[in-house]
Amino acid sequence: MPETGIAARTPTLTDVADAMGLLERPHGSDGRFITWAFNCGADPAFREIRPCRKIAAEIALSWGHSEDVANAAESIVAELMANTMQHVPLAHEIGSVALVEAPNDALVVMVHDRARARPFRRIDEDVERGRGIDLVMSLCRSFGGRLDVIRDLDGRGKCLEAWLGTPLAWSERGALPRF
């Protein structure tokens, strides 16, 4: 068989999502940024989470982050999306996930929704669910970061910013996306 010079490869989840128009890549000198949308409350089985968390890990690795950071980003996307899908029950509401590489090389996982309610920690040891925020906070701390909850500019929603690396000072966050 003649050689064509074209290397065959299996498409990645990112390739598939990009081909479907799910990914948006704003260009600029402010670092790397990628985002995609998901339906809040539309899927009681949370089927949208699996491809989203896999895409997050794939992107983190492609940007040169360690496998540990990629695994943490994957878990954070899964936990925060599940929270949003559970607590924003309107199927027509759209949430979004963004991965941002901050100027200091920290990876920031952002999950945005249009619900006003802030996430809360459940301390009840007898409940089997409700430990996602604690898990996210722990993952952030293990990489020197933290979880911030930021109100939308119009006050009608919020964005959870999970920092995997040193968070920038508020005055230095001007280049980060805002909802």
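When Arg53, Arg47, Arg114 are screened for being under 27 Å from Glu172 (Cα atoms) and modelled with pLDDT of 70 or more, only Arg114 passes. Residue count for the stretch 57-92, restricted to those that are buried (at least 18 other Cβ atoms within 10 Å of the Cβ) and charged (D, E, K, R): 3.
The values are calculated or read from the model by the stated rules, or taken from the named source; none is laboratory data. Only a predicted model underlies this, so the values are computations on that prediction, with no experimental measurement involved. Quick reminder, even Gly has a Cβ in these numbers, built from the backbone with ideal geometry, and neighbours come from all protein chains shown.
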